[in-house]
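For reference, the structure is listed below as structure tokens.
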Amino acid sequence: MVTKREIVARKCYEICQRVLPRYSNKMGPKTYEFWQLIAMFLYGIVYNLTYRDLEEEFRISEVLRKALNLEKVPHYLTICKAVKRLREEDLKKLLEESSRVLDVKLDILAIDSRLREDNASYYYAKRSGKKRKSWTKMTVVVDVRSHAILAGDIRKGPGNDGVILREMFKRGDIPSCDVLLADSGYDCRGNEEIAIFKPIRKVVATNP
């Protein structure tokens, strides 16, 4: 009898075959296919599993291993490193395809920004009186459960967090989700209409 989890695992594998190359590095070891590792990652999103839980579940279930053509189960860190090798555009395609085929919905995302002014430390700059000429502001959006980076924005700073959030929504960078966690810096005039861009129920100020 075919179980639902086996069907989901097979669909995750098929999605990866359509979107990704078989191996992320042609010159690297061929112990596992990139398809297999990312399929496990997608399976974990569907069933809300950590990387450790994924390793354990596939180690126990021969059916799941067969669904991904796995001869042995990868260590959870191997899965984690594979996810880090995903390009942003490929991750977007995976999430879109997963949402369509598997009805996968991301529930909680988080967004935050930080400024990197130059290579000098804050202490050195303060003591030396050095004026900082270069400002780089990086914004990232992550899935709270899997810790996967889903979107990013890099620009010259400083800048208004709320404006960056609005622009990322307009570009379609931020996937649909139920809750977006953000600090009060993203709560500015105009962002109350963010729901017209993506079906997000609320923006939660985590540091009011």
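The values are calculated or read from the model by the stated rules, or taken from the named source; none is laboratory data. What you are looking at is a predicted structure, and each value in this text was computed from that prediction instead of being measured. Ideal geometry is used to build each Cβ from the backbone, glycine not excepted, and the neighbour counts take in all protein chains shown.
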Exactly one of Tyr51, Tyr124, Tyr76, Tyr43 is assigned by TED's automatic domain parsing to the domain that holds Asp173 and either hydroxyl-bearing (Ser, Thr, Tyr) or modelled with pLDDT of 85 or more (or both), and that one is Tyr124
Out of the residues in segment 167-188 that are crowded, with 18+ Cβ neighbours inside 10 Å and assigned to a helix (DSSP H, G or I), which is farthest from the chain's Cα centre (by Cα)? Tyr186
When segment 1-23 is examined, which residues are found to be buried (at least 19 other Cβ atoms within 10 Å of the Cβ) and either outside any helix (DSSP H, G or I) or modelled with pLDDT under 85 (or both)? Leu20
List every residue pair whose Cβ atoms lie under 9 Å apart, where the two residues are 6 or more positions apart in sequence or sit on different chains, the first residue falls within segment 62-82 and is touching a residue at least 24 places away in the same chain (Cβ under 8 Å) and on the phi > 0 side of the Ramachandran plot, and the second residue, located anywhere, is in a loop (DSSP other than H, G, I, E, B) and buried (at least 21 other Cβ atoms within 10 Å of the Cβ). Asn69/Glu33
Looking only at segment 64-102, how many residues end up being outside any helix (DSSP H, G or I) and closer than 20 Å to Glu6 by Cβ? 8
Given the condition buried (at least 19 other Cβ atoms within 10 Å of the Cβ), assigned to a loop (DSSP other than H, G, I, E, B) and not hydrophobic (A, V, I, L, M, F, W, C), answer yes or no: does some residue in segment 26-35 qualify? yes
Looking only at segment 9-51, which residues are without any contact (Cβ under 8 Å) to a residue 40 or more places away in the chain and either touching a strand residue (DSSP E or B) at 6+ places or on another chain (Cβ under 7 Å) or aliphatic (A, V, I, L, M) (or both)? Met27, Ala39, Met40, Leu49
